[in-house]
1. Of all residues in the stretch 161-190, how many are β-branched (Val, Ile, Thr) and either over 18 Å from the mean Cα position of the chain (by Cα) or not in a strand (DSSP E or B) (or both)?
2. With the requirement that a residue be under 15 Å from residue 141 (Cα atoms) and of a type outside the set (Gly, Ala, Ser), what does the stretch 174-194 give you?
3. Scan the stretch 166-212 residue by residue and report those that are among the β-branched types (Val, Ile, Thr), in contact with a strand residue (DSSP E or B) (Cβ under 7 Å, 6 or more places away or on another chain) and within 25 Å of residue 241 (Cα to Cα).
4. When residue 222 is evaluated against the numbered criteria (1) under 17 Å from the mean Cα position of the chain (by Cα); (2) more than 14 Å from residue 137 (Cα to Cα); (3) small (Gly, Ala, Ser); (4) not in a strand (DSSP E or B), which criterion, by number, is the only one it fails?
5. Restricting the stretch 239-258 to residues that are more than 14 Å from the chain's Cα centre (by Cα) and within 26 Å of residue 111 (Cα to Cα), which is modelled with the highest pLDDT?
6. Select from the stretch 101-160 the residues that are in contact (Cβ under 8 Å) with a residue 40 or more places away in the chain and of a type in the set (D, E, K, R) and list them in ascending order.
7. Among the residues of the stretch 160-187, which ones are surrounded by fewer than 20 Cβ atoms within 10 Å (Cβ to Cβ) and not polar (S, T, N, Q)?
Amino acid sequence: MYSLGVNRLGTTNTRTNTITSLFANGEKGAWYDPSDLSTLFQNSNGTTAVAVGDVVGYIADKSGNGNHALQSIADQRPLLAVDSSGNHYLDFDGLNDGMVITNLEETSPTPLVGFFGYKNNEQAGDKYLLDIATGRTVLAAYSENLTPFGISVYMGGWKTSYLQPEPLALKVVTFQAATNDISIREDGITVAANEGTTAQKAVDGNIKLFSHNNNTGNAVDGHLYQAVVRLATCTVAEIATTEAFIAQKTGILAQVAGIATVDLDFSTNTYTARDINGTPS
């Protein structure tokens, strides 16, 4: 296990969690991890391995649900890249790049939680991190449909938004969209919420990652480090530990509020997030 720190007394807490535990009770969803090159392939049938600089046409879902993200059109595939800290990410061009998730489906209205470690390179228009066609749910990296302009949630209408002080910086953003409970968290802090009369939507298996379902003009020009989507609400502890894990993979652990240290085992994706007192989050 790779330890990023200990608590004030020098002892290490032993509680562990994994991203896959979010799906351990049959919860639907997906986990995309560009840091795990064994899950990435150049072509959409998942047969040609990738290296840095190659296009990516297939991202295997690590949640255990088999909801792999594909792109069958060669010139709409992002590139695999690595930053100066050695963290891998997918580089989307903001023109027409995007991945398609076809198997993730829930015919009844369902809560939706999305976790993203990413960097947005453009602050203009509407840029979609996740777009679900039926009933229309959109998690946007940037939108100009609400005031203030910024990170936004659409559920049959634009519901809430947040103007980021540093909109082009690396960040961990969590969206929760459920009946009468829509919220946006950035780097461990709730920054926007709408608790009005909003009905959650169905998920139809027609989902676009980092782009619009029907309009390439809404594609994100940016870097995707991690994405986790769960069709169920999350507890406070699940949110905190998932955000900490994604922050570590994105290289911005220090800027996520309330998290001082994380123990992370890359071989099993097991981790423990702790606050400044060494208490597991």
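1. Qualifying residue count for the region: 1.
2. 174, 175, 176, 184, 185, 186, 187, 191
3. Listed by number, the residues that qualify are 172, 173, 174, 182, 184, 190, 191.
4. So residue 222 meets the others, but not (4).
5. 256
6. Result: 105, 106, 119, 122, 126, 127, 131, 136.
7. Across the stretch 160-187, the qualifying residues are 163, 165, 166, 167, 168, 169, 178, 181.
Listed here are the residues, each with its yes/no results for (1) part of a strand (DSSP E or B); (2) within 19 Å of residue 151 (Cα to Cα); (3) touching a Phe, Trp or Tyr at 6+ places or on another chain (Cβ under 9 Å).
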| position | (1), (2), (3) |
| --- | --- |
| 193 | yes, yes, no |
| 198 | no, yes, no |
| 239 | no, yes, yes |
| 244 | no, no, yes |
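The values are calculated or read from the model by the stated rules, or taken from the named source; none is laboratory data. If you're wondering where the values come from, they're calculated on a predicted model, not measured in any experiment. Virtual Cβ from ideal backbone geometry, glycine too; neighbours counted across all protein chains shown.
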